[in-house]
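Report on the following structure.
The values are calculated or read from the model by the stated rules, or taken from the named source; none is laboratory data. All values derive from a computational prediction rather than experimental measurement. With ideal geometry, Cβ positions are generated from the backbone for all residues, glycine too; neighbour counts draw on all protein chains shown. Note: areas computed on protein heavy atoms with side chains; ligands, DNA, RNA excluded. Shrake-Rupley method; radii C 1.70, N 1.55, O 1.52, S 1.80 Å.
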Amino acid sequence: RRKMPTTVDDRSLSGNDISVYMSEQTTKGAIDATPAFDRFRRTEGKPKKEIAYVQSGEVKTNRQGRTQVQDTTTFTGEPAFELTQSTAPYFDAMIHGAAATNTVTAVATIGTDAAGFVSSNNDFANFSVGDWFKASGFTDPDLNILYKISAKTDSNNIDTTVAPVSVEAEGATVTIESIKTSSGSTQTYYTTQTRTVDKTAVGDIDYRTFYDAVINTGSFEVGETGIVTGSFSLAIEQLLAGTAQITGQTDNAVDTSDPVSAIDNISTIYVDGVSSNCGVKSMGLEFNNNYQGDRSAGCEGERYAFGDIDVTGALVTRAVISNTFNWRSKFENSTAIALAPAFEWADGRWMVVEIMRAKLTEHTMPDGSNVVSSNEMSYSAEEDPVTNTTVQIFRNF
């Protein structure tokens, strides 16, 4: 006969017993009255309290160990993730931008010409040079792709870096999708909570709640294969006393989208708005807001002030004999390039992250026997004079 499961009142703690939740704060300095939390789909890492000690300088006549005095406390967190639809919106907070929806839904007033798109109803009023969008609904299915705006004559006429493959008059029911976030100074603070199985706690869960948390640094890596991964580093100012859950707190539905694969979910990596056609092998991005700690005597933790952003990363491209030193020339000539991986999900959602103006700072090519001589490079980004931004994110969700 089937036995009943064993009653387990004690066992070793597992990483699976620990979860991390995040909730955007309406106001810095205060947890929302009834915060709604999203589970952060992490691979490791959680918010924590770190304590530093100082050693007494007293002269000990007996030569024994000197007194250790507890001094500073720091609240930090470095959650790592696989890129999913739920982690994508945190990139807005990482670059300190506010999302602006420019989507034009189901109109019959948009067509194409030899250079870009035309409208008879000012459908491009909210768009700017440098913006990305995805078109859908055209009769020619080859028109329903991603585009980057290279020029804007007026609200009815835009040119795109890659011109439409065909000219189609208005009449079809067309949607132009684009939600834009630009790097800036708009801070998003979070209440972040760890929940850990603990039989001594009410309901067997220990809740540790930090608040006034902001994303200081963030990164992602697109490899040649495998899942796209990344991490965030949080600068956290305050810890809520106690281990109970917050009165009135709720949880949003857990996102179930698949993690992004470098093969199945990267449609391409664009260089200067044009598909690299598999020319870019891998790339990464590291975004740093350069928050500086600000301590005060008698106060636990620290406050933070942001600095200028730094955007750096690694880039590996193919070297082909039809133009062997194309990328070496970009490096030696300090040529500015725009880099933009395009992420896509099976349900039609997409996201483009563009480094607007990157300069290559290192370049090497392996030259041994039986190796592929790729271009292995590092880059640093600078402000783009056209958009006055360094990083922009576009998506349709």
Of everything in region 18-34 that's farther than 22 Å from S233 by Cα and in contact with a strand residue (DSSP E or B) (Cβ under 8 Å, 6 or more places away or on another chain), which residue is most open to solvent (accessible area, probe 1.4 Å)? T34
When region 144-164 is checked residue by residue, the ones that are surrounded by 16 or more Cβ atoms within 10 Å (Cβ to Cβ) and not β-branched (V, I, T) are L146, Y147, K148, S150, K152, N156, D159, A163, P164
Just the residues that are under 27 Å from H96 (Cα atoms) and not β-branched (V, I, T), please, taken from region 266-288. S267, Y270, D272, G273, S282, M283, G284, L285, E286, F287, N288
Please go through (1) on the phi > 0 side of the Ramachandran plot; (2) open to solvent by 90 Å² or more (accessible area, probe 1.4 Å) for D10 and return the number of the only condition it doesn't satisfy. (1)
V69 among the hydrophobic types (A, V, I, L, M, F, W, C) and over 22 Å from T243 (Cα atoms): yes
List the strands (runs of 3 or more DSSP E) inside region 221-302, counting only whole elements, that have at least 3 residues being at pLDDT 95 or above. 229-239, 266-271, 280-288
Condition check for S136: more than 30 Å from A30 (Cα to Cα) and not charged (D, E, K, R): yes
Is region 79-87 home to any residue that is closer than 27 Å to F287 by Cα, open to solvent by less than 20 Å² (accessible area, probe 1.4 Å), modelled with pLDDT of 95 or more and part of a strand (DSSP E or B)? yes
Just checking, which of T194, T186 is hydroxyl-bearing (S, T, Y) and in contact with a Lys or Arg (Cβ under 6 Å, 6 or more places away or on another chain)? T194
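Every residue, every condition in (1) in a loop (DSSP other than H, G, I, E, B); (2) closer than 19 Å to E78 by Cβ; (3) in contact (Cβ under 8 Å) with a residue 24 or more places away in the chain; (4) of a type in the set (D, E), yes or no:
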{"site": "R2", "(1), (2), (3), (4)": "yes, no, no, no"}
{"site": "T6", "(1), (2), (3), (4)": "yes, no, no, no"}
{"site": "S23", "(1), (2), (3), (4)": "no, yes, yes, no"}
{"site": "T34", "(1), (2), (3), (4)": "yes, no, yes, no"}
{"site": "D38", "(1), (2), (3), (4)": "no, yes, yes, yes"}
{"site": "K49", "(1), (2), (3), (4)": "no, yes, yes, no"}
{"site": "A52", "(1), (2), (3), (4)": "no, yes, no, no"}
Residue identified as under 17 Å from A213 (Cα atoms), open to solvent by 80 Å² or more (accessible area, probe 1.4 Å) and of a type outside the set (A, V, I, L, M, F, W, C) among R39, R2: R39
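For (1) in contact with a strand residue (DSSP E or B) (Cβ under 9 Å, 6 or more places away or on another chain); (2) touching a residue at least 24 places away in the same chain (Cβ under 8 Å); (3) under 16 Å from Y90 (Cα atoms), each residue gets a yes or a no:
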site	(1), (2), (3)
T196	yes, yes, no
T200	yes, no, no
D204	yes, no, no
Y207	yes, yes, no
T217	yes, yes, yes
G223	yes, yes, no
